[in-house]
Amino acid sequence: MGTASRDGVALKLSTWINHFLVYGLGIVMMNVLPALMIPIYTYRVPPAIYGVLELLNRSQEFLLLILSFGLRSALLTFYQMSKDEPERRKGVYSTALQFLSIFGLVLILLTMFGARTWSLLLFGTRTYSIAVLLILAATYFETVFQMAVLYLQSELRSVLYVSVFTTRALVAVALNLLFVYWWRWGLVGILWATLLHTALYALAVVIYMLRRTGFIFDRSLLGEMVRFGAPVMIGAFASFLLNNGDRYFLNHYSTQADVGLYGLGCRIGILSMSLVLMPFGKIWSVTMVDISKKPDGPFELGKIATYLLFACTFSTLGFSLLGPYLIRFFAERSYWDAYRVIPLVGAAYIFYSWTTIMDASFYVTKRTVYKIYSISIGGAIVVLLYWWLIPRFGMMGAAWATLGGYASYAALTAFYAQRVYLIHYQMKRLALLFVGAVVFYKVGTLIPITPLLNGMILRSLVTLGFPFVLWLGGFLKDDERRVLGEYWHLLRLRYLGGAEI
């Protein structure tokens, strides 16, 4: 490889890493700030009430699927397709928002009349009717907010986009401190805080958007968007089962306290993945198709899969070994057992992260129907696993079922994707990566959790030893070592003035 070529590769890597770090900072802020509410909740409500909150939140996600009418995917696509038609472009978001505001209000009001019945169905008691009413009201404003905030993403207003979510999280923390921690309103305080900050930011973002788009309602455009987005809801419902169905089975076959513990463990396990996958996704969504169309695209996609899965595996290993300390830091003693599900949930989302690379096969060939097939069958498999494992093993059964569901989804996605566009995955390197992670995890778990300081230091060293051993073991190829060296050289020139260190 010539000098110019190597410089180009290094610069491309530099661009990817820089974008990753920029997006990553925003993602960290949007995830870390809500995590600050965990101690507020766990020190003021017992696991059983946290379980009730978990079920309400999962039910809210289900309602958001219905209320969105499949338009989320349509909005981004139609907005970009209308770049040469300014009036039609303005009408995309304005039309969708007006439709969803009215449709959502009618549906939510009808649902509110059955609040006592929903409470009885979910929790076996009508005690939580007020809680149901509050989460329904918050769901309406969340629907409006999510539609309006997509406008910022379409306009590439990334700084404003991150600022909205960051300040919203800060307001949420402040309201929860007031209502839950100081005033001790418990579950009702959590839900009032949710309703208030959601309504406030929905109103603010809608005003910002409508000042730029105006009030335009295009019935024909709405029909096009609904026809485009409606089929996506099939896959969305299957995805809901993969992500959230375990809580309902656990609530039925076990206790609400187990739902609370499991929900907290899942939150930490998913956090390990979101810190990697979410900033990656911001870059991947705008580069995936271009890379796929290159002559060496199948090989480049295989390399990217290796790098992504390394980052996800390393992050999951760290959160799995240090999970007991995170739980003890964030939560009251009655929640400490939640750490047990973190490794399995983290492993499940490693499989999910792989499917984001596989999706390139569907998008580049416009065969997205196969994605619906794979996630629908995966959803059916995970329901069977819930039914089989949760009654026998409780929350650990739920974690194993989630892992099995996402592994099945990844296998099905690979089955369809490799038939429409073959990606050359580096299976030997991936096998080395996964086997190595399991070995390091097993070694790390041999270290007792207590005494806390010693355990945390030793487990951290095991985590950091994982990439070091991979480096010494030849996991990286010569050209990759060279590119990393050149990237380090660019960093020295940019930030250290070329100084030797």
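The values are calculated or read from the model by the stated rules, or taken from the named source; none is laboratory data. Keep in mind the model is a prediction, meaning the values are calculated, not measured. Note: ideal-geometry Cβ built from the backbone for every residue, glycine included; neighbour counts use all protein chains shown. Accessible surface is based on the protein model in full, side chains and every heavy atom, while ligands, DNA and RNA are left aside. Shrake-Rupley method; radii C 1.70, N 1.55, O 1.52, S 1.80 Å.
Selection of first residues in the range 459-479 that are farther than 18 Å from VAL443 by Cβ and of second residues that are surrounded by 13 or more Cβ atoms within 10 Å (Cβ to Cβ), restricted to Cβ pairs under 9 Å at least 6 apart or on distinct chains, gives the following pairs, ordered by first then second residue: LEU476/LEU470; LEU476/LEU484; LYS477/ARG429; ASP479/ARG6; ASP479/VAL9.
Rundown of residues vs (1) farther than 15 Å from TYR425 by Cβ; (2) crowded, with 23+ Cβ neighbours inside 10 Å; (3) touching a Leu at 6+ places or on another chain (Cβ under 9 Å); (4) hydroxyl-bearing (Ser, Thr, Tyr), yes/no style:
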position	(1), (2), (3), (4)
VAL259	yes, yes, yes, no
GLY263	yes, yes, yes, no
GLY269	yes, yes, yes, no
VAL276	yes, yes, yes, no
GLY281	yes, no, no, no
LYS294	yes, no, no, no
PRO298	no, no, yes, no
ALA311	yes, no, yes, no
GLY318	yes, no, yes, no
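Counting the residues of the range 386-414 that are closer than 20 Å to LEU261 by Cβ and of a type in the set (A, V, I, L, M, F, W, C) gives 10.
Test LEU344 against the stated conditions and say whether it is over 20 Å from GLU54 (Cβ atoms) and modelled with pLDDT of 95 or more. Explain how you work it out, then say what you get.
On the way: over 20 Å from GLU54 (Cβ atoms): no; modelled with pLDDT of 95 or more: yes.
No.
If you go through the range 443-471 and keep only what is over 28 Å from the mean Cα position of the chain (by Cα) and either under 19 Å from PHE329 (Cβ atoms) or not hydrophobic (A, V, I, L, M, F, W, C) (or both), you end up with ILE447, PRO448, ILE449, THR450, PRO451, LEU452, LEU453, ASN454, GLY455, ILE457, LEU458. Considering each residue of the range 171-180 in turn, at least one proves to be under 21 Å from the mean Cα position of the chain (by Cα), among the hydrophobic types (A, V, I, L, M, F, W, C) and at pLDDT 90 or above. Looking across PHE299, PHE228, PHE215, one residue alone is over 18 Å from the mean Cα position of the chain (by Cα), outside any helix (DSSP H, G or I) and not hydroxyl-bearing (Ser, Thr, Tyr). It is PHE215. Do the conditions hold for ARG168, that is, is it free of Cβ contacts under 8 Å to residues at least 60 places away in the same chain, charged (D, E, K, R) and surrounded by fewer than 19 Cβ atoms within 10 Å (Cβ to Cβ)? So ARG168 fails the test. Within the range 381-417, the residues that satisfy the criterion of being surrounded by fewer than 19 Cβ atoms within 10 Å (Cβ to Cβ), without any contact (Cβ under 8 Å) to a residue 24 or more places away in the chain and not basic (Lys, Arg) are LEU384, TRP388, PHE393, ALA411.
Given the criteria of a type in the set (Phe, Trp, Tyr), in a helix (DSSP H, G or I) and in contact with a Phe, Trp or Tyr (Cβ under 8 Å, 6 or more places away or on another chain), does TYR370 qualify?
Values: of a type in the set (Phe, Trp, Tyr): yes; in a helix (DSSP H, G or I): yes; in contact with a Phe, Trp or Tyr (Cβ under 8 Å, 6 or more places away or on another chain): yes.
Considered against the rule, which asks whether it is of a type in the set (Phe, Trp, Tyr), in a helix (DSSP H, G or I) and in contact with a Phe, Trp or Tyr (Cβ under 8 Å, 6 or more places away or on another chain), TYR370 comes out as yes.
Mind listing whichever residues of the range 418-433 are surrounded by fewer than 17 Cβ atoms within 10 Å (Cβ to Cβ), touching a residue at least 12 places away in the same chain (Cβ under 8 Å) and closer than 14 Å to GLY473 by Cβ? Across the range 418-433, the qualifying residue is only LEU432. Within this structure, TRP185 passes the test of being open to solvent by 40 Å² or more (accessible area, probe 1.4 Å) and either free of Cβ contacts under 8 Å to residues at least 12 places away in the same chain or under 21 Å from the mean Cα position of the chain (by Cα) (or both). When the range 291-341 is filtered for residues that are touching a residue at least 12 places away in the same chain (Cβ under 8 Å) and in contact with an Asp or Glu (Cβ under 7 Å, 6 or more places away or on another chain), only ILE291 remains. Scan the range 59-100 for residues that are modelled with pLDDT under 80, under 20 Å from the mean Cα position of the chain (by Cα) and charged (D, E, K, R) and the total you get is 1. Among the residues of the range 206-257, the ones that are open to solvent by 70 Å² or more (accessible area, probe 1.4 Å) and among the charged types (D, E, K, R) come to 4 in all.
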